[in-house]
Each structure stands twice: as C-alpha cells, then as structure tokens.
Amino acid sequence: MIENKPFILKGETGKDILLDVHYKANKSPKPIVIFCHGYKGFKDWGAWHLMANAFAKHNFTFIKFNFSHNGGTINQPIDFPDLEAFGNNNYTKELTDLDTVIHWVSNNNPLNSEINKTKITLLGHSRGGGIVSIKASEDARITSLITLAGVSDYKSRFPSGDALTHWKNNNVYYVKNGRTKQNMPHFYQFYKNFIDHQNRLTISTAVKKINIPHMVIHGDADTSVVVQEAHIQHQWNPNSVLKIIPNANHVFGASHPWQSQELPLHLNQVVNSCIDFLNHK
C-alpha cells in the first residue's frame, strides 16, 4: 500500500512550500527521490503522481513539491491563481526552495523511519533539470542526479536585443499559457536576478563539477528542449549516463489532466530507466 502524505514547509522566500511524500509505510529506511517540476509546471501536473507511485512501489520515498513562487497557492496548488508570485519567481528562489526541502528531509521530520538520509537523488524536469544540476554540484548531501528533458542553458532562454530593452523599460513581459489561456507575467527582476548570479546559474559550470552518479534522459522528439541539449550535457560530464527515448516528446507522452491510471508509454520507460540506474549505480 502506497501512502501519500502532504506537508507544508515554511519557505524562506516569503511563501510556503507545499509538498507530498509517496512511500511504502513499512518503517524501513528507503532512498529518497526529490522531484522538481519545470516552467509553468506544478507537482500535480499530468502523470507525475503515477511516476511518484511507481518509484514508491520500487522502495523509494518520492517527494514532489511546488516551488513557492510557481503561481499556485497552498489552497489552490493546481494551475496559477497567483500570477503576481509567478512573475516574481526566479532561479535563486527555486534553489532556496529546493534547499528548504532537502533540509527538511535531512533533519527531523515525521517520516524519519521511512527515509534513508544518506541516499538523496535529485530529479528535475525541463527548467527543473537545470535547478537540480546546479544544486547537486554545490550540495554534498546529494548522492545522485537525474534530469528529464533538462535545459542546458538559462541565458539563451531570455529575450534579447529590442525585446530585452522593451522588457527592461516596461518591467514586465507576458507569455500566453495555451492550456489555461492566462497571460503569465515575467517581471524584469527575473533577468536581473540571473545576471546578478550568473556564475552560479550557468548550467555548464555546474554539470562539469558533477562527481556523483548522473543520468541525462531526453526524448528525441522534444520540440521544447531539443535533444542536442542532452548530448551537450553528457559531453560536459562524460561520466554521466545518457538515455535517449525514441519518439518521446518534452513530457514523455503525458498531458494535463491525465485521466488514465497507467503511465504513458514513454514516461514508463523513463521511470524504469531511472529505477534501474539508481539500483545499479
């Protein structure tokens, strides 16, 4: 029987962090997997809950959480009721949130008997892949790293030229969310924060420092983060394991909402690859 328990952590960036823990309640310490969602994402998107349960069935304690400024709230964690928070999000806030979650895991919490604090894997999707790569490169508590369709560079994803000047002058630009139809704001602080912390937030620098087991997973039909970004990360860390999923898109066949009780084919391949990697690293 898989348990799924929610928790609220006090955030250090002005908003709290909602997380849930999936595990077999058998009082046996299990390796931990901490999952970070991507851009315009949230912990309950699509089939992530099925992915969490699949890890739990294979004797991992799986933790997924919403970044404090992802646009959700504690009472409405799905989609984006708080666009002001979304616009004020940035990469260093996400790294701080992740540190808060790791600290909670590594210290006294209600699930101490179910977790092995000496085995902590970070798993990140898309933009979250960059976050977990940076965190793994600087935090000795992390023992392995897996990225799913992870980005290889943050700077190139910002506007440039006239669009950047326009953003600076207006303090905000908007991105249309095709699913929710919301105009999602990005305040200029996002770019300024990146420039102020560019050394820390350069993914190539982080990946080249990785000296723990490291797996890079990507679909070769990804149109949001092209598969070449996986190959270049593997080149930065030749000791990493590169897994390309044929015909898989950016979300490995999932969508939101996900009505089936089964994982999509490609995401199931991802989960099996991750579990095999973690059990044999």
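Rule-based calculations on the coordinates, nothing more; no lab input. Computed from a predicted model, the values in this text were never measured in an experiment. Here Cβ is always computed from backbone atoms with ideal geometry, including for glycine, and neighbour counts include all displayed protein chains.
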When a/c reaches 1.5 or more, the comparison of a/b and b/c decides; with that in mind, is segment 137-281 rounded, prolate or oblate per its Cα gyration tensor? oblate
Could the peptides 251-258, 195-202, 51-58, 113-120 be put in order, highest first, of the mean number of other beta-carbon atoms found within 10 Å of their residues? 51-58, 251-258, 113-120, 195-202
Of the candidates PHE187, VAL225, ASN211, the farthest towards the positive dipole end of the chain (Lys/Arg Cβ +1, Asp/Glu Cβ -1, centred on the Cα centre) is ASN211
Magnitude of the Cβ-charge dipole of the chain, K/R +1 and D/E -1, about the Cα centre, nearest 20 debye? 340
Residues of segment 40-71 with the amide nitrogen closer than 16 Å to a label point 7 Å from the Cα of GLN259, along Cα-to-Cβ, please. 46-47
What is the distance in Å between the Cα centroid of segment 1-67 and that of segment 229-281? 18
Gyration tensor (alpha-carbon) shape descriptor, the chain, a/c threshold 1.5: rounded
To the nearest 20 Debye, how big is the dipole of segment 27-103 about its Cα centre, given +1 on the beta carbon of each Lys and Arg and -1 on that of each Asp and Glu? 480
What is the dipole size for segment 1-151, taken about its Cα centre, with +1 at each Lys and Arg Cβ and -1 at each Asp and Glu Cβ, in debye to the nearest 20? 540
